[in-house]
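No value in this document is a laboratory result; all are computed from the given coordinates. It should be emphasised that the depicted structure is a prediction, and the values quoted were computed from it without experimental measurement. Please note: Cβ atoms are built from the backbone with ideal geometry, for glycine as well, and neighbour counts cover all protein chains shown.
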Amino acid sequence: MEECSSLRSSDSAGTSEEYEIVESLAGQDSEPQLNIANNGSMDDLQHELTEVMKEKAQDSSSPNGSLDTSANSSTKKDDDTPCDALPILDTQTSTLSEDLCSNSENLIDNRNLGENNPSFSQTASDDDMERVQAEDGSGDYTIFNRVTYLGAASINAPRSEAEIQRNMAILNDQAQEQALEVSVSVPSNSEGYVIIYDATTSSEMTRFKIHRILFCARGKVDTSEARCFAFTSSHGDTHETAIFQCHVFRCQIPEAVARVLITFAAAFRRIPKSKMIKKEEEQHQTRQHHSEYEHLFDISLEIKEEDSKGNFNVVPRDKEFFKLRSNIEKQLILTVSPAPPSTQANAIHASLEDLCVQRCFGLLVAPGRRVKHADMNLLEMVSMGSNANDKRSYVISGHWDPTDPVFTELNQETQRDKRVFMTVAIDLVMRGIQEPVRFVIETKVRVYPQNERFWYFSKKPLVHLFSLKLKQVEHSPQGDQQYVVTSVDNMGEVERWRPSAMSLSLNLSSLTSSTLSSLSTGRSPSIASIETPGCEEDSDDDEPLLSGSGEVSKDCPQGELDMWRQVLPKWQDARVQLPKGVSGLVKRGIPEALRGEVWQLLAGCCDDIDMMETYRVLITKDCPSEQVILRDINRTFPAHDYFKEAGGVGQDSLYKISKAYAVYDEEVGYCQGLSFLAAALLLHMPEEQTFCVLGKIMFEYGLRDLFKDGFEILHMRFYQLGKLMEEQLPDVWQHFQEQGVEIHMFASQWFLTLYTAKFPLFMVFHYLDLFLLTGIDSVFQVALALLQMSKKELLSSDFEGILKYFRVSLPKKYRNEDTARQLFKLATSIKVKKLKKYEKEYLAMKEQEAMQEDPVVRLERENRRLLEDNMRLERENDDLAHELVTSKINMRYSMDKLEDKCDSLNKEVTNVNSMLKDAEEEKKRLLMEANQVKEMLKREVEKGDVESQRNGAIIADYKKICSQLSERLDKEQAANVKTINMYKAKVSACEKCSGILSPVTGPPGELGDEESPVVTKLHQQIRELELELAQTKLALVESECKNQDLTHQLSTAVTELQATKNTWFQKTLTSFSSLKERTASTSSNNPSGVTSTSSNITVSALQRQQSRDSNSEKA
């Protein structure tokens, strides 16, 4: 049995294979922490470790020494002592329990560095724990008194802490009356026994050999099981016959539980003195002459940020700094791994087994650099443990909330001219080193706004190399080698190459169909040599030409422009038929200003409205290859300004096009290297037209066939190119055969990217002119031309030189436009008419190989292919089913909305019908009222007519009477005047009378006439007529007032009738208007006649009065 253990916390204990130690925290399941004693109190930890050191000192000073040699000393029994003496209780029945402790205080689990937990309110006294020595010399035993045995239960998973906690809770709740007071004896090494004594009689009840105890755990803090602990043991000689039981105990005070588990942990780890002495002697014999060691570690740092879906994605990292966004939750991932053997070749280092990482004591972060230890801020630990893929690596992750005020500097947008540093530290507990070891990494960061979007996809972690220098000290009491740290040095950042499916190189000597398929990531097959800039496999200083390099002039001779001006209108009208002369113009190179339009005409997709609409729909859908696309965009044309800016317009458009095609062509999906072709097209036309041309190239020009069926068509192209080389360039072909250079090592990129990945832009654009004109044959023509023009260099190079020439020198050779034009001139002159013949040969060869192939292998391959097709069809079926379900859900949702709308409209129709019925009733009522008003007005008008006629008759009679009276008055006045004048003449003729009357009357003309009775009577009649005239005027005024009231009522009725807009309104209004005009004319005529008559009567009466006066004077 392996005598080793891995201590995780004092809350539970065990050994690595047979024994395990796990942590049990209240209310949470988190990763183990360095809480060695009493749930994290550093004072208690120091106290417990002091006791352990005292044990060692006492063991060495007094072989028979013990804390207490009372009558409770243990006696060792034989290993075969049956365990049946211990009562086993089923979890379904009542178990033994007794609650002997109350008001125990909860323990505090404190993980913050530099903080101490408060002292315990109760501590285990010396009476609760005794140290005795076994009689057989096997070692010391620690006896714990005042312990209650709650019972045992069968358990299926002896190493499952959850099962143990569940049984512990059940037994603690059920055991009330039959609980047994016992003492528990725990040995000091892994060769002893755990013995259970009866507390009353001190007699042994049962014993368990320490190596048969599989797991030990304590109850959760802040629960009723805080005072409990339990261990699982096995009974049986074989795995098949083994029975596992869980034994549960309860201490009177919770603090004693920690000491029990520490004692168990010591027993699990310690070995007997005899074995330890023997081991020391063996180690002394093999001990190295030197005592100082150096170990090199690689510690990598990654930072992840939370996205909108709750996932954490790696943040981009520039050459010197991480690109962070403000106010976003983050995770820090640190991976500790031994440095590569080549790095450690000159270092004297300890074995990895002795220096393995046990746990992370803490993960700390602080802004700035050269930060003091006290200024570091502890992060919440998310996880820690060995890497699933590499057991030698240890991964720590922590949660970082940048909105915390202490991280303000790391959460504010960084100014352009400012540098911000961040310090990250981890404290690691390593086996063989007494104190935690701190490793510190300082790095630059730049903080951007929260909504900043990055298009940076290399995302390599920051790797620092650390040198850990150790000095060996004496062995521990457990027999382990112990070291002290002499220095920890950060040797700076290092570059570590890690193989990845995304790494693409030219070293494809073992390329087969299976390896080609394995290189595809997310249905993204790539075998081209598309290296990331700066990641070169060669050790020389020669850098390959970056994709997107070179300038393309827009100048064009006037004569050539005139020729294009002649053919373009005809071509645009015909669209399908290629005009005469276009082929020669295209082979010489399309003018840069016309390339976008001519490419669309050559591809036959000019103004493809349907395809453009499809593109606009596709960019809104989700793409399974989205992450692969994002990683590829940054390496596409990095030398071109349009695509250089991370997250710029060029990269954004390229991302949309790549994503749209991956969704559009589900069988092939996104293909690595396809972004180079899309970028070349995007430099000459908008996104929609680029997508249309790209779709034509993939489907109608057959480029997508190269990525299908395990690259079968691509291998056929390699075969065809090889046969063409053998025929037209036999010396080059023979040299390649001698050097072991295969076609796919240099031509895979040419076929899959159409020469767009590494060559200068002038050559890329000119080749696309030729490809859109002649199709896939142009790939062979240009390949043969390249080989022919580089024949001298290739024949003088070895294997490595040939590959380097294709990777570095060949693209640089065609930066000169004249050389590129010469290449295409040579390419167009090369004949490749035997391609069909070579294709038939290849297919025949494959058929022959298939016939010679083992049927089982062939059927297995076909089965795999069919399974892949089946999986693809199932995925498509799932997608269609998902779309169907989604469409049904949307249709159901739309139907529900329409039904709700229909219900609302029905309710509105019902309300409108009700309102219409009310309006009709209101209309009838108004019509009735209008008829009543009409009848009333009619009666009033008739009454007014009668009254007017009567008044007219009275006025006529009055006028007649007045005229008669006036005539009579005039006659009487004339007679009176005549009589008076006669009397005056007679009086004047008589002297006597004249003398008598002269004093009184004066002259004859001045004699006043006395008013006669007739005049008085006339005056009285005048006054009566005037009174009657006044009464008539008053009656006329009253009639006018009534007429005004009727007019007002008529206006009100007209207003109400206008609202109903009835057809009879105009007729009624017309009749009312005519009636009103007639009444008004009558009223206006009457007052004027009366007034004139009155005035005439008055004037006549005055004249008659004056005549009478003058006559009386004369008389």
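Our summary of shape: the Cα atoms of region 685-759 have principal axis extents of 48, 28, 19 Å, ordered from largest down, in whole angstrom.
Of the GluC sites (Glu not before Pro) found in region 837-914, those that fall in a DSSP loop while having at most 16 other beta-carbon atoms within 10 Å are GLU853.
Within the shell defined by Cβ-Cβ distances under 11 Å, the residues around PHE736 carry a net charge of -4, with Lys and Arg each +1 and Asp and Glu each -1.
When you filter the trypsin sites (Lys or Arg not before Pro) in region 657-765 for DSSP loop state and at most 16 other Cβ atoms inside 10 Å of their Cβ, you are left with LYS708. A protection proxy built from the mean count of other Cβ atoms within 10 Å ranks the segments 648-658, 366-376, most packed first, as 648-658, 366-376. When you filter the trypsin sites (Lys or Arg not before Pro) in region 386-472 for DSSP loop state and at most 13 other Cβ atoms inside 10 Å of their Cβ, you are left with LYS391, ARG392, ARG416, LYS418, ARG419, ARG453.
Grab the beta carbon distance between GLU860 and ASN327, set R0 = 60 Å, and tell me the FRET efficiency rounded to 0.05. Display every interim value, and only then the final one.
Values: r = 55 Å, r/R0 = 0.91.
According to the calculation, E is roughly 0.65.
You can think of it this way: the chain between CYS990 and LYS792 has 52.9 nm of extra reach, that is 0.36 nm per residue less the Cα-Cα gap. Taking a sphere under 14 Å around the Cβ of SER675 and counting the other residues whose Cβ falls inside, with K and R at +1 and D and E at -1, yields a net charge of +1. Rank GLN178, PHE244, ALA256 by how far each Cα sits towards the positive end of the charge dipole of region 154-264 (+1 on Lys, Arg Cβ; -1 on Asp, Glu Cβ) and give me just the farthest. Value computed over the given set: ALA256.
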